[in-house]
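The values are calculated or read from the model by the stated rules, or taken from the named source; none is laboratory data. These numbers come from a predicted model, not from an experiment. Using ideal geometry, Cβ is built from the backbone for each residue, glycine included, and neighbour counts are taken over all protein chains shown. We work out accessible area using only protein heavy atoms, side chains counted, and drop any ligands, DNA or RNA first. Shrake-Rupley method; radii C 1.70, N 1.55, O 1.52, S 1.80 Å.
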Amino acid sequence: MAKSLPWATIETLPSASGEELAAWEQLVDSAGDPEARLHALVGRALATYWAAQTGASPDSWDTLAQRRAADVSEAVELARRGPRHRVDLLATALLGRLAATWGPDAATGRVRDVEELGELLEVLDDTELRLRAREWLVLGRFDAGDLAGARREIAHFVGELSGTREPLFHRRVALWHANLAMLEGRFDEAVRLNQSTISHTADSAGAPFSCQNVAITVAVERYFRRRLDEVIDTIASIRASSPRVGANWEVGLAFALAESGQLDEARDIFDALAIDDFALITRDLNWLVTMVLLAMIAFRLADTDRCATLLEELKPFAHLDATHGFGYCSYGPVGRIVGSLAAACGDLAVAEAEFDRVLRSREPGPWTTMCRLDRAAARSSTDPAGAHADARRAEEEFRLLGLTGWAEDGRSLWVARSLDGHGPPIALRGPSGGWTLRHPSGRAELADGVGARHLTSLLGRPGRAVGVAELDRSEPTEDPRGPSVMSTLDHAARRAYQRRLATLDAADRTLDPDEQEERSRLRLELAGGTYTPTVSKELERTRVRVTKALHREIARIAQQSPDLGRHLSESIETGRHCLYAPADGVGWDVVTG
């Protein structure tokens, strides 16, 4: 009876021992026919995957990787020379090549092998081989960022599972659903699914792997919620207990430290990892996700030199997602990282192309919104209007996802662009309570006060009449729907006065005495007008207070910016109801914190 192929070696612990490696070596040497040799070659290739990291073999990763590639290539050739009805042999060889060469150096060939496995499914009867082939089809969709395709392939996988008891296959489905939940922004569900699934299968599927699986998923959730400091101790513990992938967890620790603001500690680890252009990061199945984390650390540390190195390493993989294992967790599109690296290195054309491709091709979700925020940051100096639009949309999307920390980053970015003159007018209340007003017609600074609060309340609601009792609640007033104080200037008259005053102000000649007198009269009428009291004394007092407060505030603004003062004088109407009615109908962004 043939020795079972060690498929699980790739993803679970413990790795193959020296004795097991020797046993596979013997099987390769003693294989008496092509089928036995194919089986032995695939077994040896799988068994030696982690041998360099664990010390089970004295050979280096590169040496063993070359040997594995040769073994599985020979296995595929043996399968192709065999009888055409033995599709199970070809499927075994292709699966062996996918697993044994799993890493960045075989990424291109992997696509072709996965496509061929998909074609073999039509004639492949062996249930285990069909499930293993479908695992790679699902992973291919996750790698491509194609979530709709991943959902379809998962459904096909579930259809194959009937009557199969292998716990790894059933666990796979639950972990895929957890990953989908995270990619769609259902963070609590993702963590719950992951933890529940691992706790029920840890004994049969490798406890160390299970622990790391949960830790990675929780770390991604904490990253989105800006709480990575909570898992630093856990990451440090796993790093100490997992020498096989110790460098990867070194990176994870540096990333958590950097995102938590502990930059000096993060830099110490990062510098050690960056020796010889990150040669310590083995080019295995964890290489891509690890390099993505290194790039994110480089951003935080503003290490431009290392950003350039990482850009060259990651460019060939910009079309992929950074996916852990068989798709149980994701760090999002590599194109987002390549775009940010390119922007940090000053290559804005590459940055724009990568950001655009990601945003055009991906479903909505937290990583997609992260890419939009990154593009906003990259555009800040070259396309501030585009940066404003991206940052504003990113803030809205983050708030819908409940990610308030990232939403605040988005708001800070678009507010800064607004204050620079991009986007709609803005009224920003600072930490001390004072206001900054920026409009195409001018800019002004206001101290906090009732007039500033009345004014900004109107600016954010263009075209809406606001009762003075709503603006000023300092004393009880009668129902504003009852008797009122009406200005002798109705809306039509006020508009006519404003148009005539604008014509006089825009004249490119010296006004004659009659026109000067007319302009003074119009300004006086617009500033106050005459009123006929028909309401309660309380409401009349409120109207007077609000009107005076608004006029005082506009006068202060006019001292700093005559054009802005003029715009507000022409656009704000006072009376029992107050109204901001700009000619263009554009309201202000009123930001209070």
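Across segment 532-593, Cα-Cα pairs more than 18 Å apart make up 47 percent of the total. Which residues does the label zone of residue 312 cover in segment 93-113, counting backbone N under 18 Å from a point 7 Å along Cα→Cβ? Once the point is set 7 Å along Cα→Cβ of residue 312, 105 turn out to lie under 18 Å by backbone N, inside segment 93-113. Rounded to the nearest 20 debye, the dipole magnitude of the chain is 2040 debye, with +1 charges on Lys and Arg beta carbons, -1 on Asp and Glu beta carbons, and the Cα centre as origin.
Using a probe radius of 1.4 angstrom, the carbon and sulfur fraction of the accessible surface of the chain is 51%.
Count Lys and Arg as plus one, Asp and Glu as minus one, and take only other residues whose Cβ is under 11 Å from that of residue 21; the net charge is then -3. On a per residue basis, the chain carries 44 Å² of accessible surface, using protein heavy atoms and a 1.4 Å probe. For segment 187-346, the equivalent ellipsoid derived from the alpha-carbon gyration tensor has semi-axes of 26, 17, 15 Å in decreasing order. Taking 0.36 nm per residue of separation and subtracting the Cα-Cα distance, full extension of the segment from residue 152 to residue 305 would add 50.9 nm. Within a straight-line Cα-Cα reach of under 19 Å, residue 548 can be paired with the following lysines, leaving aside sequence neighbours fewer than 8 residues apart in one chain: 537. For the pair residue 170 and residue 503, the difference between a 0.36 nm per residue extended length and the Cα-Cα distance amounts to 112.2 nm. Note on segment 1-108: the alpha carbon radius of gyration divided by the globular reference 2.2 N^0.38 Å gives 1.01. For residue 385 and residue 583, a Förster radius of 25 Å and the Cβ-Cβ distance give a FRET efficiency of 0.70, rounded to the nearest 0.05. Only helical runs count toward this figure. For the chain, summing -39,500 (n - 2.57) over DSSP H runs of n ≥ 4 and dividing by all residues gives -20500 deg cm²/dmol at 222 nm. Once the chain from residue 447 to residue 541 is taken as fully extended at 0.36 nm per residue, the excess over their C-alpha distance is 31.5 nm.
Once each of the trypsin sites (Lys or Arg not before Pro) sitting in a DSSP loop with at most 11 other beta-carbon atoms within 10 Å is removed, the chain keeps 166-472 as its longest stretch. Pairwise alpha-carbon distances in segment 399-480 exceed 14 Å for 71% of all pairs. With contacts taken as Cα pairs under 8 Å at a separation of at least 6 residues, the chain carries a relative contact order of 9 percent.
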